[in-house]
Amino acid sequence: MKKWTKGLFLLMSLFLIQSCVKDIQDIENIEVENWQPNVALALVNTTVSIHDLLDNFDTGGYLNVDDDNFMTLVYQGNVFSAQGKEVFSMPDFSIPMIDTSMVLPYGAINTPFDIDFFSVKNGQLDYSFESPYTEDMNVIIEVQNLTKGGQILHFPMTVNYAGTSPMMVSGSIDLKGYIMDFANDEIAVKYIATNAAGDRKYLANMQLNFNSFEYNYAQGYFSQYQFDLPSDSLFISLFENAVAGNLHIQDPKMNLIIKNSFGLPIELTSENLEVATMSDGMMNIHTVLDNGVSFNFPSVMEAGQFKTTVIEINASNSNLSDVISSNPQQLNYKLNAMTNPLNDPNIKGFVMDTSRFDVDVELEIPVWLSASNFAVEEINEFDASFLDDVESAKFKLITENGMPVEAGVQVYFLDANNVVLDSLFSGGNQNLIPAAQVDSDGKVTASGMGNETVEINEARLQNFRNATQISIKGLVSTTDTGSVAVKFYTDYEMSFKLGVEAKLKQ
């Protein structure tokens, strides 16, 4: 893939003259019959390919060149999802120990998620109780749901009598590295309090508070979660100078490339998918995303891996072709994603704290098109000081066009207030550059030849000297006035010879 630079490739032929004249050199003279000049210069004598223009024009996208040298413009954007830890979080919960052993249903935890188990990355169990006895006590706290290395949480402690009763006791147990298992849909906890003689005792006001959970991996049913995906835009500068005309792009595509490491079903929909166009204003793109598309996800055995899904939007499943042919300026998109679109609690999955999905948006515009009177305009600053000593001039342009476009051109000279002072040609746009001929596949078979002469007298030169800007306007059509679709290849070339005969002031 190669970086594509500025502008509309259809106007390469127009802007090439402008860019080349900026670097006027006294190179090989052009033979022009019957000229008797005071000064004759060859301004340009060069052959350029599309590759030669890549450093002078910028579309903001990329140029993909296949093995046959056929070109496709690619515009890219990205949407990033939230991470797994934002989809699911284990809430804090407390268990008042009104007996030495308690079994609570899973529903006692205030969560919409039906979690089978999760590995504890961070978390703690805070305990507090009162010992009403005037003797030392041995206390063990056990949580059947928490295991590490196959062993349940078994936390022993000694409460030393300090001469006051009741003894107030509190502390924390670090749960990092444990597995919290809810496979039986219950929470089972107990404590054992004994004195030195081994007699079992009751403790007063015992409270167990499970809090500050973070997880590495969680498995179960995660209900429905709506991702808050940001809206974004792609600026399509390919058509930024277009002002009118007919253009039809063959086989445009939009690809959504999704890489997902969430281990559960997720459905992608479009809340907004629209294009600001030059020809038809704002246009909505209607696609399969209107009804939602689910994408691939890894199995439990593939935890930590990404699965890729490519959703192709093309002319057969959308109105993309009509939208792209309306001279798009900007693509605006807002996508939505929801876990478990069927809301089926029997569909279990997993989430890791590092789980995420990424969506790459690619707009592919093949350089395979037909154009008829496609109008473009570009305005640039103009320094006419080089005309100060010129009384009259005659320009001659000879072209050999190996590209399947013909260009009608007019150059207007403007003052600082954008008032037109003069034009380079009389009678409107001049068809300066004839198109190459193409075969039935839209590929060039023979170059188009052009030969034009323009004479400028002193009165018109004075108008040019008063100008501070030039407006280059072009009407571009593909071969046979846009009646056939043509393809562009990187080895297409165009040759220019531009000479000037100038009569200098005495």
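Quick note: the coordinates plus some simple rules give every number you see, no bench work behind them. As the structure is a prediction and not an experimental result, all values here were calculated from the model. All Cβ positions, even for glycine, are placed from backbone atoms using ideal geometry, and neighbour counts span all protein chains on display.
Considering the dipole of the chain built from charges on the beta carbon (Lys and Arg +1, Asp and Glu -1) around the Cα centre, which of TYR127, THR287, ASN69 is farthest to its positive end?
Looking along the dipole axis, the top candidate is TYR127.
Please list 309-316, 248-255 highest first by mean number of surrounding beta-carbon atoms within 10 Å per residue.
Details: 309-316: 15.5, 248-255: 20.5.
Final packing ranking: 248-255, 309-316.
When only Cα pairs under 8 Å and 6 or more residues apart are kept, what is the percent relative contact order across the chain? Intermediate results must be reported in sequence, preceding the final value.
Details: 1340 pairs, mean separation 102.1, N = 506.
Contact order relative to length: 20 percent.
Scan around SER392 for amide H atoms under 5 Å from its own, H built in the peptide plane at 1.01 Å from N, and keep only partners 5 or more places away or cross-chain.
Long-range HN contacts for SER392: LYS503.
What angle, in degrees between 0 and 90 and rounded to the nearest 10, separates the Cα long axis of helix 12-21 from the longest principal axis of the Cα atoms of the chain?
70 degrees
Step through the residues of region 167-178 one at a time and calculate ³J(HN,Hα) from phi using the Karplus curve (6.51 cos²θ - 1.76 cosθ + 1.60, θ = phi - 60°), rounding each to whole Hz and writing x for Gly and Pro.
Calculated HN-Hα couplings, in order: 7, 8, 10, 8, x, 9, 10, 6, 9, 4, x, 7 Hz.
Which ³J(HN,Hα) values in Hz, rounded to whole numbers, follow from the phi angles of region 390-405 under the Karplus curve 6.51 cos²θ - 1.76 cosθ + 1.60, where θ = phi - 60° and Gly and Pro get x?
9, 8, 7, 8, 10, 10, 10, 10, 10, 10, 10, 9, x, 10, x, 9
Ranked from highest to lowest mean number of other Cβ atoms within 10 Å per residue, what is the order of the peptides 333-339, 435-441? Provide the component values of the computation, followed by the final result.
Values: 333-339: 19.9, 435-441: 16.0.
Output ranking for 333-339, 435-441: 333-339, 435-441.
³J(HN,Hα) across region 457-470 via Karplus (A = 6.51, B = -1.76, C = 1.60, θ = phi - 60°), whole Hz, x for Gly/Pro?
Computed from phi, the couplings for region 457-470 are 8, 4, 4, 6, 4, 5, 4, 5, 5, 7, 7, 10, 9, 10 Hz.
Suppose a student asked you for the relative contact order of region 89-221, using Cα pairs under 8 Å spaced at least 6 residues apart; what percent would you report?
On the way: 316 pairs, mean separation 61.9, N = 133.
Computed value for region 89-221: 47 percent relative contact order.
Please work out, to two decimal places, the log10 of the ratio I(q)/I(0) at q = 0.18, 0.23 Å⁻¹ from a Debye calculation in which every Cα of region 442-506 carries one identical scatterer.
Per q value, in the given order, log10 I(q)/I(0) is -0.95, -1.20.
What would the Debye formula give as log10 I(q)/I(0) at q = 0.09, 0.15 Å⁻¹ for the alpha-carbon point model of region 89-221, no solvent?
-0.28, -0.72
Counting other Cβ atoms within 10 Å, keep those with at most 13, restrict to DSSP loop, and tell me which trypsin sites (Lys or Arg not before Pro) in region 397-506 are left.
Details: sites: LYS443, ARG460, ARG465, LYS473, LYS487, LYS497, LYS503, LYS505; in loops: LYS443, LYS505.
Here the sparse-neighbourhood loop sites are LYS505.
Once amide H atoms are placed 1.01 Å from N in the peptide plane, what residues at a sequence separation of 5 or more from ASN122, or on another chain, have their amide H within under 5 Å of its amide H?
Sorted by chain and number, the residues that satisfy this are GLU214, TYR215.
Calculated from the structure, P(r) over Cα pairs in 20 Å bins from 0, in percent equals which of (1) 16, 43, 36, 5; (2) 18, 32, 20, 16, 10, 3, 0; (3) 23, 53, 24, 1?
Computing P(r) over Cα pairs in 20 Å bins from 0, in percent and matching it to (1) 16, 43, 36, 5; (2) 18, 32, 20, 16, 10, 3, 0; (3) 23, 53, 24, 1 gives (2).
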